[in-house]
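**Q** Got a structure for you, written out below as structure tokens; questions coming shortly.
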Amino acid sequence: MTTATFSSNTGAGLLDDRIAAAGRPLAAVTGAEIQAPLIQGGHVRYANLDYGASAPALSVVSAYLNEILPFYASVHRGAGYASQISTSVYENARNIVRDFVGGRPDDSVIFTRNTTDSLNLLAGCLPVEDHHHTGEVLYLDIEHHANLLPWQGVPHRSVVASATLEATIASLRAELEHGDVSLLAVTGASNVTGEILPIRRLAALAHEFGARIVVDAAQLAPHRRINIAADDVDYLAFSGHKLYAPFGSGVLVGRPDWLDAGTPHLAGGGAVSEARLDGVSWTTGPARHEGGSPNVLGAATLARATQVVAALDQERWHAHEAAIRSFLVEGLRRIEGVTVHQIFSDTDADNDTIGVVNFSVEGYDAGLVAAYLSAEHGVGLRDGRFCAHPLLKRLGLPSGSLRASFGVGSRLEDAQRLLAGIEELRRTGLGWDYVVDSGRWVPANDTRSYPDWAPNTPGTAGAAPCALD
């Protein structure tokens, strides 16, 4: 079964260059060749353009998981052979992750569930004197909820981003000049539009006024090398599931003083030096915040993924991503009724963006377009408000938009399939009837089959119209 073909107006030479850069995946990922059933019959290779939500595991990481899985055991206090190996793997993962982000020798590396968990942990470690926080947290309105909601439980200030990045930085400076800011919380790259913020410059700005900086690198880490020592970043958080690693592990890396003095993130075994019936003496170091049995396999696969990403040739890596992104953006802008969205008008699209493209199609709900692309073209992408509601509102998209995101396992054909689907939608409309089921758009009378082990529940598998996203 074949789907529509995109009629590219790109010059032959430029297209050849892009095919050379991104005609094949840069690295092998698990599930790259899975077949998606089409509503009109037949199957097609699934075009995964939803890396920004959860990226597929690198094949090397999947193989590593199978290698270490037989040795999986509880870590730290076990004297057995498997426990000793698991402990070694788990603790060495800290060193690997610290090296990956260019951490300082004394930086703490704390394993968490994800970026959200990491930033909530840091929110519990903000400095306190006489039972009062010594300063406020400053953040922009463009943040993912992970870097927005944790700070609302502590003294905080928000800044509305301006039309340009330069004006936004000026607004941040003005707020910092008012004083009483202990922490500047910023995204490394927008999960909505892929625009990169200048973290070295923002770190210098925060330090100029006596504040520290934390960077939400959930989107940045899978696309750019990071060096927190060189950039003078105090804290950095990112997630394994966006960095080609399974098992839901995240990490917080940063200066130990706040972390060692902060409220333990999980009260429980392993976080204490001595427990009593009426009190406790907490330990310091990463263990203070890792109470209970940790996610050994998650930390191990996260560390292995960072090694693979760190070994990528940066020139080829960036060329691969840039080829797909520029092809997709140019193609979308040539289709009547399609708008590509960005936050700042002065963003350099060639250098200051990652593999994320946000767009909308005139006359169609974003959730409907996503369901159509999935059912009729085998293309998976994200719709909704992307857990960044204030940003979508200021972009004039209160009901949501569409996001295509890609990475090292992507190929130019994925973008071509997406563009072909949008062109066909604008030219001939939907090829099937769609209904809203449980708040999500799904094909009517859907008879496609799912794997035997998967629940056959299309009502929960469609794209959301973002009423509650």
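The values are calculated or read from the model by the stated rules, or taken from the named source; none is laboratory data. Given the structure is predicted, the values throughout are model-derived calculations rather than measurements. FYI the Cβ positions are ideal-geometry reconstructions off the backbone, even for glycines, and counts take in every protein chain you see. Remember, those area values only see protein heavy atoms, side chains included, never the ligands or the DNA or RNA. Shrake-Rupley method; radii C 1.70, N 1.55, O 1.52, S 1.80 Å.
**Q** From the Cα gyration tensor of the range 250-408, with a ≥ b ≥ c the square roots of its eigenvalues, which class applies: rounded if a/c is under 1.5, or else prolate if a/b is larger than b/c, or else oblate?
**A** Since a/c reaches 1.5 and a/b is larger than b/c, the shape of the range 250-408 is classed as prolate.
**Q** What's log10 of I(q)/I(0) for the chain at q = 0.09, 0.10, 0.11 Å⁻¹, Debye sum over Cα points only, no solvent?
**A** These q points yield log10 I(q)/I(0) values of -0.63, -0.78, -0.93.
**Q** Further, regarding this structure: Which trypsin sites (Lys or Arg not before Pro) from the range 66-165 combine a DSSP loop assignment with at most 11 other Cβ atoms within 10 Å?
**A** Arg77
**Q** Distance in nm between label sites at Asp278 and Val154, each 7 Å beyond Cα in the beta-carbon direction?
**A** 3.2 nm
**Q** Please report, as a whole percent, how much of the solvent-accessible surface of the range 251-387 comes from carbon and sulfur atoms (probe radius 1.4 Å).
**A** About 46 percent, which is the carbon plus sulfur part of the accessible surface.
**Q** To the nearest Å, what is the center-to-center distance of the range 79-115 and the range 187-203, using C-alpha atoms only?
**A** One Cα centre to the other: 26 Å.
**Q** If you project the alpha carbons of the range 94-228 onto their three principal axes, what span does each projection cover, largest first, in Å?
**A** The Cα atoms of the range 94-228 stretch 40, 39, 26 Å along their principal axes.
**Q** Give me the 1.4 Å probe accessible area per residue for the range 190-244, excluding ligands and nucleic acids, in Å².
**A** I get 25 Å² per residue for this part.
**Q** Relative contact order of the chain, please, whole-number percent, based on alpha carbon pairs below 8 angstrom and at least 6 residues apart.
**A** 23 percent
**Q** How tilted is helix 296-310 with respect to the longest principal axis of the chain? Cα atoms for both, answer in degrees (0 to 90, nearest 10).
**A** With rounding to tens, the tilt is 70 degrees.
**Q** What is the set of long-range amide H partners of His241 at a cut-off below 5 Å, with H atoms built 1.01 Å from backbone N?
**A** The list, which skips near neighbours in sequence, is Gly248, Ser249.
**Q** Multiply the residue gap between Asp106 and His207 by 0.36 nm, knock off their C-alpha separation, and tell me the result in nm, one decimal place.
**A** Full extension from Asp106 to His207 adds 34.4 nm.
**Q** Could I ask something else about it? Over the Cα atoms of the range 324-364, compute the convex hull volume and normalise it per residue, giving Å³.
**A** Normalising the Cα hull of the range 324-364 by residue number yields 78 Å³.
**Q** Let me ask another. Cα gyration tensor of the range 41-150, axes a ≥ b ≥ c as square roots of the eigenvalues: rounded (a/c below 1.5), prolate (a/b > b/c) or oblate?
**A** oblate
**Q** Next up: Ignoring ligands and nucleic acids, what accessible area does His223 show with a 1.4 Å probe (Å², nearest 10)?
**A** Surface accessible to solvent at His223 totals approximately 10 Å².
**Q** Considering only protein heavy atoms, what per residue accessible area in square angstrom results for the range 112-159 with a 1.4 angstrom probe?
**A** Averaged over the residues of the range 112-159, the accessible area is 41 Å².
**Q** Using a 1.4 Å probe on the protein heavy atoms only, what accessible surface does Phe247 show? Give it in Å² to the nearest 10.
**A** Accessible area of Phe247: about 100 Å².
**Q** Separate question: Read phi for every residue in the range 54-60 and hand back ³J(HN,Hα) as whole Hz from Karplus 6.51 cos²θ - 1.76 cosθ + 1.60, θ = phi - 60°, with x for Gly and Pro.
**A** 3J(HN,Hα) across the range 54-60, in whole Hz: 8, 7, x, 5, 4, 4, 4.
**Q** Quick check: the angle from helix 366-377's long axis to the longest principal axis of the chain, C-alpha only, nearest 10 degrees?
**A** The two axes meet at around 60 degrees.
**Q** On the protein heavy atoms, probe 1.4 angstrom, tell me the percent of accessible surface of the range 1-159 carried by carbon and sulfur.
**A** Its accessible area is 54 percent carbon and sulfur atoms.
**Q** Please compute the modelled spin-label separation between Tyr450 and Asn92, points set 7 Å along Cα→Cβ, answer in nm with one decimal.
**A** That separation, rounded to one decimal, is 3.9 nm.
**Q** What value, in deg cm²/dmol to 500, does the helix sum -39500 (n - 2.57) over DSSP H runs of n ≥ 4 give at 222 nm once divided by the residues of the chain?
**A** Mean residue ellipticity, 222 nm, calculated: -10000 deg cm²/dmol.
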